[in-house]
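Let me begin by presenting the structure, written as structure tokens, before commenting on it.
Read-outs throughout are calculated quantities, based only on the coordinates presented, and are distinct from any laboratory measurement. None of the values given here were measured: they were computed from a predicted structure. Here Cβ is always computed from backbone atoms with ideal geometry, including for glycine, and neighbour counts include all displayed protein chains.
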Amino acid sequence: MTSKLSHYDDSGRARMVDVSAKTVNAREAEASAFVSMTPQVLSALGRNPKGDPLETARLAGIMAAKKTAELIPLCHPLPLSHIDVELRQCENGIAISSKVKTTAETGVEMEALVAASVAALTIYDMCKASDKGIEIREIVLQRKSGGKSGDYDRKK
């Protein structure tokens, strides 16, 4: 871990990191989230009056990854070459995974995390009429590759 936070200058002011000297290379990140809900809400997903919550959440996650630099103040806008968001119904909720790729000077961890987060929020939005107690849990970076800091794999 680095001792100096890169998003602060010497006087402690927030700053966007200058990545112009960094090497352009392939970078990839995967993130996940979990939406915990009751069996009653899960069983009613197919009858949701707003439409299919899982497909809507998948599209929302993809759209959100593209907007990350507009949402997170110091993120760089990146040319994303691939975004994939998958949702899987489990016994006690919805498991979400996102995967984002680019060829750029900086990584796509934030894009993957934003995709998973917004997909989770979309599920909440589409199901909140059934249960306000739905919980969004475990938004985490699972894996990243490329860049100066090297690879990261949460599963290790």
Legend entry - Local electrostatic count, Ile72, Cβ distance below 11 Å [Lys/Arg +1, Asp/Glu -1]: -2
Inset, instruction - Round to the nearest 0.05 the FRET efficiency obtained for His82 and Asp153 when R0 = 22 Å and r is the Cβ-Cβ distance. - result: 0.70
Legend entry - Rounded tilt (10° steps) of 109-127 against the dominant C-alpha axis of the chain: 20
Inset, instruction - Place +1 on the Cβ of every Lys and Arg and -1 on the Cβ of every Asp and Glu in the chain, take the dipole about the Cα centre, and give the residue among Leu87, Ala29, Ala120 whose Cα lies farthest towards its positive end. - result: Ala29
Inset, instruction - Go ahead and set up a Gaussian network model of the chain, Cα springs under 10 Å, then flag whichever of Arg27, Arg88, Arg143 fluctuates most. - result: Arg88
Legend entry - Chain lengthening between Lys66 and Glu91 when straightened (0.36 nm per residue, less Cα-Cα): 5.9 nm
Legend entry - Contact order relative to length of the chain, as percent, for alpha carbon pairs under 8 angstrom and 6 or more apart: 35
Inset, instruction - Relative to the longest principal axis of the C-alpha atoms of the chain, give the angle of the C-alpha long axis of helix 53-66, reported between 0 and 90° and rounded to the nearest 10°. - result: 10
Inset, instruction - Would you give the gap between the C-alpha center of the range 81-124 and the C-alpha center of the range 23-58, rounded to a whole Å? - result: 8
Legend entry - Sum of -39500 (n - 2.57) over DSSP H runs of 4+, divided by residues of the chain (222 nm, nearest 500): -8000 deg cm²/dmol
Inset, instruction - Would you mind checking the pairs Lys128/Lys155; Lys67/Lys128; Lys50/Lys155; Lys66/Lys148; Lys67/Lys144; Lys99/Lys148 and listing those with alpha carbons more than 28 angstrom apart? - result: Lys128/Lys155; Lys50/Lys155
Inset, instruction - Return, for the Cα atoms of the range 26-144, the radius of gyration and Dmax in Å, separated by a comma. - result: 14.4, 46
